[in-house]
Structure formats: structure tokens, C-alpha cells
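First up is the structure itself, then whatever we jot down about it.
Read-outs: derived from the displayed coordinates by stated rules, not from any lab. It should be emphasised that the depicted structure is a prediction, and the values quoted were computed from it without experimental measurement. Note: ideal-geometry Cβ built from the backbone for every residue, glycine included; neighbour counts use all protein chains shown.
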Amino acid sequence: MISIDPKRNSERDNYKLLIGSIIPRPIAFVTTESEDGIVNGAPFSYFNIVSSNPPMVSLAIQRPNEHLKDTARNIYRNRQFVVHIVDEENVAKINETAASLPANESEIELANLTLVPSENVSVPGVKESKFRMECRLVQAITLGEEGPGSDLFIGEVVRFHVDEAIYEDGRIDPRGLNAISRLAGSDYATIGDIFSIERPR
């Protein structure tokens, strides 16, 4: 085994080790709204479940050169956001939203995504997702000892939206959802083989 001290590594080297080994990662497509009413949309793979009671998700957003990205700034401002699961049908459009645009331009328009109103938050979602979660910010933590490097947001899900075609008896059909996961570089993965292992009693 090779032993590596992350404190002796550059941020870029640590980044490559993390994204190359912690795979596959689910992708959250997150919509937020600016103070001027611009709906921002961006994909993030530092994302996961925190709790089911209450239902909560986490989202970490890096700070390039210690500057807040639009999504993070908007979440801090109005404490609301909508998380969408990226799937094989929408991944090409979602990828377009990763472009660096000025804060006064909407990635939603760039990618020709369709806004739909939310029920419990003011931030709209997008129609092209089979599963989305309206979230309210519960906690935000700035990370980094030598200056802020990222922000960790924990949001409580206040409304689920599920495509009826993939939902039955309280369960989501994983093949119907067909979620895409993030690997490293420009690589992504589909769900692949599914197998079952019974938990020990």
C-alpha cells in the first residue's frame, strides 16, 4: 500500500484521490433562486442522505478561491433549495448547467429545462426530473481551517415529488429511475447490475 499524508498533498491531489475512490457518487441537480429572482441550477456530487427521521440530505459546495458559488450564496440568502436526482434521460441537459455563467444568467434557460412551481418552498424545480425534493436549510457549516474551502448544507425535505411511473407501494423502481452516478474526470456510470445479500440476523 502507498501511504499518503493529505496535509503534504495539494488540494488538487486530495481531490483526485477522493473522487477517484469514493465511487459511484449520486448527483444532485440543485435549483436555487437569487435575490433578483434568477433561478440557478447546478449539479453536485458531494451529496447524500443524512437522516430519514426527519428526512434530510446533505450537500457540500466547494469555494473556488474561497468565493461562494451562486448556489451556496442563494441557499445562505433564502434557506431554500430543490434537489433533483439526475438520470440517464436528463443527464445531457444537466451537464450543460455545469457551465460557468454570470450570476444574472440562468443555467435553466441555457439547458432548455422546464421550471415547475414548488409546493412548500418558493424555489421552483424542473419538470425533466423523475424525483425531486423541496428542502429547507437546517444547518450550514463552513469547512476549512486555513480559510473557507467549502460549505456543507443540511436540508430537511419538506416535500417529495415522484414520477408515478416509477413509484409503487411506497417504493421507487431503481431501473425506472435509472439514476446516473459520478465517477472521476468526465466519467459517469449507469446503475448496472443489481444483486441482493440478506442481512445477518
Could you compute Rg(Cα) / (2.2 N^0.38 Å) for segment 45-91, with N its residue count? 1.34
Square roots of five times the Cα gyration tensor eigenvalues for the chain, Å: 25, 24, 17
Specify the residue with the greatest mean-square fluctuation among E105, E145, E88, computed from a Gaussian network of the chain linking alpha-carbon atoms under 10 Å apart. E145
Farthest towards the positive end of the dipole of segment 7-189, among N178, Q139, V158 and with Cβ unit charges of +1 on Lys and Arg and -1 on Asp and Glu, lies the Cα of Q139
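By counting other Cβ atoms within 10 Å of each Cβ, how are R201, R73 ranked from fewest to most?
Numbers: R201 3, R73 17.
Listed from fewest to most nearby Cβ atoms, that is R201, R73.
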Which of E89, E119, E146 comes first, and how do the rest follow, when ranked by fewest Cβ neighbours within 10 Å? E146, E119, E89
Spelling out what I want: for every residue of segment 107-121, take phi, set θ = phi - 60°, compute 6.51 cos²θ - 1.76 cosθ + 1.60 (Karplus), and round to whole Hz; glycine and proline get x. 5, 4, 5, 4, 8, 6, 8, 9, 6, 10, x, 8, 9, 10, 10
Can you sort M1, M133, M56 from fewest to most other Cβ atoms within 10 Å of each residue's own Cβ? M1, M56, M133
Once you've got the GNM for the chain with C-alpha springs shorter than 10 Å, pick whichever of N74, N112, N178 has the biggest mean-square fluctuation. N112
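If you wrap a convex hull around the C-alpha atoms of segment 1-81 and split its volume per residue, what is the figure in Å³? Working shown, then result.
Working: hull volume 10.8 nm³, N = 81.
Each residue corresponds to 134 Å³ of Cα convex hull volume.
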Give me a comma-separated list of calculated 3J(HN,Hα) values for segment 83-91, in order, Karplus coefficients 6.51, -1.76, 1.60 applied at θ = phi - 60°, integers in Hz, x for any Gly or Pro. 9, 10, 7, 7, 10, 5, 7, 10, 4
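Could you give the dipole magnitude of segment 7-189 about its Cα centre, charging the beta-carbon of Lys and Arg +1 and that of Asp and Glu -1, in debye to the nearest 20? Display every interim value, and only then the final one.
On the way: 19 positive and 27 negative charges, 115 e Å.
Taking the Cα centre of segment 7-189 as origin, the dipole is about 560 debye.
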Applying the Karplus parametrisation 6.51 cos²θ - 1.76 cosθ + 1.60 with θ = phi - 60° to the phi angles of segment 126-138, what ³J(HN,Hα) value in whole Hz is obtained for each residue in order, glycine and proline being reported as x? 10, 5, 6, 9, 7, 8, 9, 10, 7, 10, 10, 5, 9
